[in-house]
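No lab work stands behind these numbers, since they all come straight from the coordinates. Please read all numbers here as calculations on a predicted model, not as lab measurements. Because the Cβ atoms are built from the backbone with ideal geometry, glycine has one as well, and the counts that use them run over all protein chains shown.
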Amino acid sequence: MAKKSSEREASSILVIGLGRFGSATAEGLMSLGREVMAIERSPEVVQQWTGRLTHVVEADSTNIEALRQVGAEDFTTAVVGIGTSIEASVLTTANLVDLGISQVWAKAISNAHGKILRRIGAEHVLFPESEAGARVAHLVSSRMLDYIEFDEGHFAVVKMRPPKEVQGFTLGESRIRDTYGVTVVGVKSPGRDFTYAEPSTRIGAQDVLIVAGNVELLGRFAGRP
């Protein structure tokens, strides 16, 4: 593998653990044109993924010398997808931090696990199961079609159908921001391109709105009939 300073290495990602989360992450990165080196302890899983990712290596990521031997320290970004063993997750994350990898994304299976990962230096801690559950709950209980949350539950951007009370009115007439405290960023009408929202933009019943704001306020707006 090339060194950190190379242009190629800047686009390469290290993924450790090819369970459901790790393999989905690796496949997603490949589809985005990134090079992926995966490290997996199970020889059966290594065999399954060989040829599907840029590099797949059988190694014990809890052993820092094993990571050095496969060139893990040459990466600037790593994803720890280990979820079956908290001990293995923590040791692996600590090893990556000790190797000087600046961007470590680590999967956590509990709040306590996440707290430990942050303490030992993980730059980003992910809670895929709980985050997915919260996202589905938002979608099921409202007019939301998609939901992306930022800032630890305080801010989100959603794609949604417009409530009946604003249909047929312009954004200026409906005063959504004054009434609900959320901001309509853009509108997608059937058969037309996405357009940024303006006070004169009229909202149709079949339109799709892109709305940003506080999570609780978005929930109230999207929950309107």
### Task
Quick one: which residues, 5 or more positions from VAL57 or on another chain, have an amide H under 5 Å from its amide H? H modelled 1.01 Å from N in the peptide plane, none for Pro or chain starts.
ALA38, ILE39, GLU40
### Under Karplus coefficients 6.51, -1.76 and 1.60, residue-wise ³J(HN,Hα) of region 78-94 in Hz, glycine/proline x
9, 10, 9, x, 5, x, 7, 9, 5, 4, 5, 4, 5, 4, 5, 4, 4
### Message
Using only the alpha-carbon atoms, how far is helix 128-140 inclined from the longest principal axis of the chain? Give it as 0 to 90 degrees, nearest 10.
### Response
20 degrees
### Message
Whole-Hz ³J(HN,Hα) for each residue in region 104-111, computed from phi via Karplus 6.51 cos²θ - 1.76 cosθ + 1.60 with θ = phi - 60°, x for glycine and proline: what do you get?
### Response
10, 9, 10, 7, 10, 10, 7, 4
#### Entry: Order of LYS107, LYS188 - criterion: other Cβ atoms within 10 Å of each residue's Cβ, fewest first
LYS188, LYS107
### Query
Do you know the relative contact order of the chain, to the nearest whole percent, from alpha carbon pairs under 8 angstrom that are 6+ apart?
13 percent
### Task
Take the Cβ-Cβ distance between THR84 and THR54 as r, set R0 to 30 Å, and report the resulting FRET efficiency rounded to the nearest 0.05.
0.80
### Query
Which of PHE155, VAL182, THR195 sits farthest toward the positive end of the charge dipole of region 131-222, with +1 on the Cβ of Lys and Arg and -1 on the Cβ of Asp and Glu?
THR195
#### Entry: Electrostatic dipole magnitude of the chain [Cβ: Lys, Arg +1; Asp, Glu -1; Cα centre; debye, to 20]
800 debye
### Summary
Cβ density ranking, 10 Å radius, fewest first, applied to PHE75, PHE155 yields PHE155, PHE75
### Query
Looking only at Cα atoms, what is the convex hull volume of the chain per residue, in Å³?
153 Å³
### Message
Taking R0 as 30 Å, what FRET efficiency do you get between TYR196 and ARG119 from their Cβ-Cβ distance, rounded to the nearest 0.05?
### Response
0.10
#### Entry: Per-residue ³J(HN,Hα) for region 67-73, Karplus 6.51 cos²θ - 1.76 cosθ + 1.60, θ = phi - 60°, Hz, x for Gly and Pro
5, 4, 5, 8, x, 4, 5
#### Entry: Dipole-positive endmost among ALA88, LEU217, GLY204 within region 83-225 (Cβ charges, Cα centre)
GLY204
### Message
Below 13 angstrom from the Cβ of ARG161, what's the summed charge of the other residues (Lys, Arg +1; Asp, Glu -1)?
### Response
+2
### Query
Amide H to amide H, which residues 5 or more places from THR201 or on other chains are under 5 Å from it, using H placed in the peptide plane?
LEU171, GLY172
### Task
Give the cross-link partners of LYS188 among the aspartates and glutamates, using a straight C-alpha distance below 19 Å as the criterion and excluding same-chain residues fewer than 8 apart.
ASP146, GLU165, GLU173, GLU198, ASP207
